[in-house]
Amino acid sequence: MVNSGLEDEVSNLLAGEEISVSFKGNLFRCCRYGVWYFVMVEMPIGVVDLSAWLYNNSEMLSHNEQVLSHHDKVYYCVLQKKIDIALIYEKFIKYIECN
C-alpha cells in the first residue's frame, strides 16, 4: 500500500488538478475528474507487442481500464473512485509481464 501521505496528496486533488507521483520507479500521472481519479502510467514500449497483447489479454481489461497509444508511446490508464496506486501498479506489472 502507498504511504498515507502520498494517498492523501492524491486523494485531495480538486477537479481538474493533476499530480505526478513516483511509485516503485514508475511515474504515475493522476488527475481528478469529478468523483473519478484518472491515472496513467507509460508502459515500456520495448516490452509491448501491443497487437498481440490486446489480442491475447483484452478480456483482462475492464471498462475502467484501457491501453492507449499517443505519439509512439503506450499508456495503461485507469479510472478509480478511490485512488489506490499500489493496486494500479500491481495490475500494470501483470499486464507488462504478459509478454
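The values are calculated or read from the model by the stated rules, or taken from the named source; none is laboratory data. The model shown is predicted, which means the values in this text are computed figures rather than measured ones. Because the Cβ atoms are built from the backbone with ideal geometry, glycine has one as well, and the counts that use them run over all protein chains shown.
Scanning the range 29-44 for residues that are within 18 Å of Ser69 (Cβ to Cβ) and under 12 Å from the mean Cα position of the chain (by Cα) yields Arg29, Phe38, Val39, Met40, Val41, Glu42, Met43.
If we scan the range 7-25, do we find a residue that is among the acidic types (Asp, Glu), at pLDDT 70 or above and under 12 Å from the mean Cα position of the chain (by Cα)? Within the range 7-25, not a single residue is among the acidic types (Asp, Glu), at pLDDT 70 or above and under 12 Å from the mean Cα position of the chain (by Cα). Pairing residues of the range 31-55 that are exposed (fewer than 11 other Cβ atoms within 10 Å of the Cβ) with residues that are charged (D, E, K, R) and modelled with pLDDT of 60 or more, at Cβ distances under 8 Å and at least 6 apart in sequence or on separate chains, gives Val35/Lys81. The single condition among (1) modelled with pLDDT of 80 or more; (2) surrounded by 14 or more Cβ atoms within 10 Å (Cβ to Cβ); (3) over 11 Å from the mean Cα position of the chain (by Cα) that Leu79 does not meet is (3).
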